[in-house]
Amino acid sequence: MRLEHYDLLVVGSGLFGSVVAHEAAQAGKSVLVVERRSQIGGNCYTERIEGIDVHVYGPHIFHTDDRSVWEYLGRFCDLRQYETSVMANYHGELYNLPFNMNTFYQLWGCATPAEAMREIERQRIVCEVPENLEEHALSIAGRDIYHKLIQGYTEKRWGRPCSELPASVMRRIPFRFRFDNNFFNDVYQGIPEEGFTKIFERMLAKCDVELEIDYLADRDSLRRSADTVVFTGAIDEYFDYCFGPLEYRSLSYEHEVLDMPNYQGAAVVNYTDRDTPFMRVVEHKHFSRVDTASTVISREYTQEWSPGIEPYYPMEDETNRARYERYRELSEGEDGVLFGGRLGEYRYYDMQETIASALRLSKEIIG
């Protein structure tokens, strides 16, 4: 039964909100979580289809160098060690990602690091002070890698030509001069054996949870129901876009069950040409150990964002960061309301960063 009053109200049941809610409940506080969607877990939500845990809002692989964060998530699930291997498809040509000796051999037939370094150096178009992402990528990676593996994928993701994107969008272009297809460098990498949704069920076991509740549509009564509110939604939406909306990119997915045991032989294939309308195809069974007669794939598309569409990637250029700072300063005057997470802080967080940030805020709340 829902209480009349709570110590803490958490808006949003994604990873950030669920960690805060769990920590507060463990400390003996009464906690209500309200969620706009019809399920918990935010973008980490997984749904079992045909015996396969499907990452409904895109693939999530937990990776970190911080043992304490790894062990924290391990309190809620059995984390199976999993190393991500991503393929790139450029007009039917297949390449390993991230850029490593396998990639360089596929591109140029280079069999040694020295040969690959010479070819990259030969193709580079040096620019000491790049003014955009195109100049930055050409200066570091050269023509072939830029045109086949960076340009089309990046322009689809952000909806702008690379010549109009800031160089900071791709601050580092990592090269591995060894035969190593592991997408991440982190010491700890894994996926929960039972899917991500079970994690959130366990995190929120001591909380009251209400789904399909739009906090902003009924903020006055909901605000009165708790001493403190943690808001994990979009900070600009909270303030009715009074300084104008922040910019995001959004995503959409097409999920399909196929009557075959194996569609593409890899969990993720990025389509790096500009002509293919979707960014990547995810085959979910390759994240786990299931042996099924069918398979489930998801095609991921990017789209323009506008108010009312789910925001995914903050467009963290100078204009938007300056606008966010105005919202952040305004939020400091909201008595009893704290903002956090990817949308509340207008920052793209990986999962390990989300957990660490949520634990810091939890300590403030618990005292």
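Before moving on, here are some points about what is shown:
- The Cα-based radius of gyration and maximum Cα-Cα distance (Dmax) for the stretch 273-341 are 19.4, 56 Å.
- Other-chain or far-sequence residues with amide H under 5 Å of Tyr346's (modelled H): Ile235
- If both residues of a DSSP beta bridge must be in the chain, then about 65% of such bridges are antiparallel.
- Part-to-part distance (alpha-carbon centres) for the stretch 15-49 and the stretch 309-359, which is given in Å: 18 Å
- The percentage of C-alpha pairs in the stretch 222-320 whose separation is greater than 18 Å is 63%.
- With eigenvalues of the C-alpha gyration tensor scaled by 5 and rooted, the stretch 93-213, Å: 37, 21, 12
- The mean sequence separation of alpha-carbon pairs under 8 Å and at least six residues apart, normalised by the residue count of the chain, gives a relative contact order of 26 percent.
- Dipole of the chain [Lys/Arg +1, Asp/Glu -1 at C-beta], most positive-end residue of Thr302, Phe196, Tyr215: Phe196
- Nearest-20 debye value, the stretch 1-99 charge dipole, Cβ charges on Lys, Arg, Asp, Glu: 280 debye
- Taking Cys110, Cys127, Cys242 and ordering them by how much accessible surface each has at a 1.4 Å probe, largest first, produces Cys242, Cys127, Cys110.
- Between helix 318-331 and the chain: long-axis angle, C-alpha atoms, 0 to 90°, nearest 10: 10 degrees
- Candidates Glu300, Glu71, Glu135: whichever shows maximal mean-square fluctuation once the chain is modelled as a Gaussian network with Cα springs under 10 Å: Glu71
- Net lengthening on full extension, Asn185/Ala217 (0.36 nm per residue, minus Cα-Cα): 7.2 nm
- Fraction of antiparallel bridges per DSSP, the stretch 1-126 only, in percent to nearest 5: 70 percent
- Each label was represented as a point 7 Å from its Cα along the Cα-to-Cβ direction; for Ile125 and Ala111 these points are 3.3 nm apart.
- Relative protection proxy for 262-268, 100-106, 167-173, from highest mean packing down: 100-106, 262-268, 167-173 (other beta-carbon atoms within 10 angstrom).
- Lysines whose Cα lies under 19 Å from that of Lys148, excluding same-chain neighbours fewer than 8 positions away: Lys156
- Between the residues Ile365, Phe16, Ile355, the greatest Cα displacement towards the positive end of the dipole of the chain, with unit charges on the Cβ of Lys, Arg, Asp and Glu, is found for Ile355.
- Contour excess over end-to-end distance, with Cα ends at Ile49 and Arg321 and 0.36 nm allotted per residue: 94.0 nm
- For the stretch 12-121, the fraction of C-alpha pairs farther apart than 21 angstrom is 60 percent.
- Potential extension, Glu193-Gln303 segment - 0.36 nm per residue separation minus Cα distance: 36.4 nm
- Expressed as a fraction of 2.2 N^0.38 Å, the value expected for a compact globular protein of N residues, the C-alpha radius of gyration of the stretch 142-183 is 1.29.
- For the stretch 15-21, 3J(HN,Hα) computed residue by residue from phi via the Karplus equation (6.51, -1.76, 1.60; θ = phi - 60°) reads 4, 4, x, 5, 5, 4, 4 Hz, glycine and proline entered as x.
- Geometric extent, Cα atoms of the stretch 140-282 - Rg, Dmax (angstrom): 21.2, 59
- Portion, in percent, of the accessible area of the stretch 34-141 that falls on carbon or sulfur, probe 1.4 Å: 46 percent
- The chain: radius of gyration over Cα atoms, expressed as a fraction of 2.2 N^0.38 Å: 1.06
- Equivalent-ellipsoid semi-axes for the stretch 319-365 (Cα gyration tensor, √(5λ), whole Å, largest first): 19, 16, 6.
- In summary, the aspartates and glutamates within cross-link reach of Lys206, defined as a Cα separation below 19 angstrom excluding same-chain residues under 8 places away, comprise Glu4, Asp7, Glu23, Glu35, Asp227.
- Among His147, Asn132, His91 the positive-end extreme of the charge dipole of the stretch 89-158 (Cβ point charges): His91
- Using only side-chain charges placed at the Cβ, +1 for Lys and Arg and -1 for Asp and Glu, the dipole size of the chain relative to its Cα centre rounds to 700 debye.
- Per residue, in Å², the accessible surface of the chain once ligands and nucleic acids are set aside, probe 1.4 Å: 46 Å²
The values are calculated or read from the model by the stated rules, or taken from the named source; none is laboratory data. The structure presented is a predicted model; accordingly, all values stated were derived computationally and were not measured. When we count neighbours, we look across all protein chains shown, and the Cβ atoms used for this are built from the backbone with ideal geometry, even at glycine. Ligands, DNA and RNA are excluded from the accessible area calculation, which covers all protein heavy atoms including side chains. Shrake-Rupley method; radii C 1.70, N 1.55, O 1.52, S 1.80 Å.
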